[in-house]
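First the structure, in the form of structure tokens, and then the observations on it.
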Amino acid sequence: MRCIPLSRRGVGFLCRVFAGVIAGAITLGIAPVAPASIITFAQFQETATGSDANQFAYLNNGPAADADLVTDPSGVPGAAIPVTFNYLSLTSTLPADLQGQQNATVTLTSSTTSAAATGFGGSIGDEPITGDGGLTDVLSITRDTPVAEGAGSRTNLLTMTFTGQLFGAVGGLTPQLGGDSPTFTVTYTSDFLSFTGSTQRDYSMAFTSWTTTAADANNGLGLEIAADNYFESATAAGSATFDSSAVSTVTIVPEAATSSSMIWALFPLLACRRHVTENSR
């Protein structure tokens, strides 16, 4: 097929037609919208290994109560467990001491009054966590020590309030907890990151060695549904990743003590200036 070159007038006419099509689409409310860019901006992994690894717990509290999914070291629901934490994709805009592996702790509290259901012929178990239980659905990651910048008290690497779904293969050892906005509630706060303008957020928490602790025939097995339609009580190890659009770093103000020291350092200069002024009169 032979291409026919267009005159300048012909090119201008096509440009006007194209512009009119775009303007009409906008008027009709069908203008193309660029999808928000989603990045995985953080992750954590347990540092406990061996016999101490199962520090998360699912607690079936009976048919007249809710069921809890919590950090549970030494049988204390919601207590802190040691993890390593990393910010991802943002290292060029973070202070040096926030780049790379961060020694931290994680606390998780969550609960649900929703029953677990099965699908695919009973092979998959799925239980919603929808904020209707007695515990607040919050996961917090706290740095072991404050960063060098700031007021000497900044330790909140990431806090997430959430709803979501706990699901996995019945009998399996690797269920997951996950959710995304706007289908579920996923809200982030941090001393070091801003999520202003973020329209999409999601998280994925992966469990390993999920082991039932019920005193019945299911003891020691993987994910199981109990007679009260919750999952059987269990322990597990865990790790997680966190995604969001519109993530930016927060400006870190210098130590308040530094500013105070600078003010005190100015006093001798002010005194000298006053002395010189008085002597010149």
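The values are calculated or read from the model by the stated rules, or taken from the named source; none is laboratory data. From a predicted model like this one, the values you see are computed outputs, not experimental measurements. We place every Cβ from the backbone using ideal geometry, glycine too, and count neighbours over all the protein chains shown.
For the stretch 200-246, name all the residues that are at positive phi and either among the hydrophobic types (A, V, I, L, M, F, W, C) or part of a strand (DSSP E or B) (or both). Reasoning before the result, please.
Filtering the stretch 200-246 for residues at positive phi gives 209, 220, 229, 246.
Scanning the stretch 200-246 gives 209, 246.
Can you tell which of 93, 105, 71 is within 30 Å of residue 229 (Cβ to Cβ), of a type in the set (S, T, N, Q) and in contact (Cβ under 8 Å) with a residue 24 or more places away in the chain? Walk me through how you get there before you give the answer.
Working: 93 fails: within 30 Å of residue 229 (Cβ to Cβ); 105 fails: within 30 Å of residue 229 (Cβ to Cβ).
Testing whether each residue is within 30 Å of residue 229 (Cβ to Cβ), of a type in the set (S, T, N, Q) and in contact (Cβ under 8 Å) with a residue 24 or more places away in the chain leaves just 71.
From the list 168, 179, 222, 172, exactly one residue is at pLDDT 95 or above, within 14 Å of the chain's Cα centre (by Cα) and of a type in the set (Gly, Ala, Ser). Which is it? Explain how you work it out, then say what you get.
Working: 168 fails: within 14 Å of the chain's Cα centre (by Cα); 222 fails: within 14 Å of the chain's Cα centre (by Cα); 172 fails: within 14 Å of the chain's Cα centre (by Cα).
So the residue among 168, 179, 222, 172 that is at pLDDT 95 or above, within 14 Å of the chain's Cα centre (by Cα) and of a type in the set (Gly, Ala, Ser) is 179.
Let's see how each residue does on (1) farther than 22 Å from residue 181 by Cβ; (2) touching a helix residue (DSSP H, G or I) at 6+ places or on another chain (Cβ under 8 Å); (3) modelled with pLDDT under 95; (4) surrounded by fewer than 20 Cβ atoms within 10 Å (Cβ to Cβ):
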| residue | (1), (2), (3), (4) |
| --- | --- |
| 63 | yes, no, yes, yes |
| 69 | no, no, no, no |
| 72 | yes, no, no, no |
| 93 | yes, no, yes, yes |
| 122 | yes, no, yes, yes |
| 127 | no, no, no, no |
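Starting from the stretch 158-183, take each residue that is within 18 Å of residue 44 (Cα to Cα) and list its partners that are modelled with pLDDT under 95 and surrounded by fewer than 19 Cβ atoms within 10 Å (Cβ to Cβ), counting only C-beta distances under 9 angstrom and pairs at least six apart or across chains.
161/131; 162/131
Restricting the search to the stretch 29-61, which residues are modelled with pLDDT of 90 or more, of a type in the set (A, V, I, L, M, F, W, C) and in a loop (DSSP other than H, G, I, E, B)?
53
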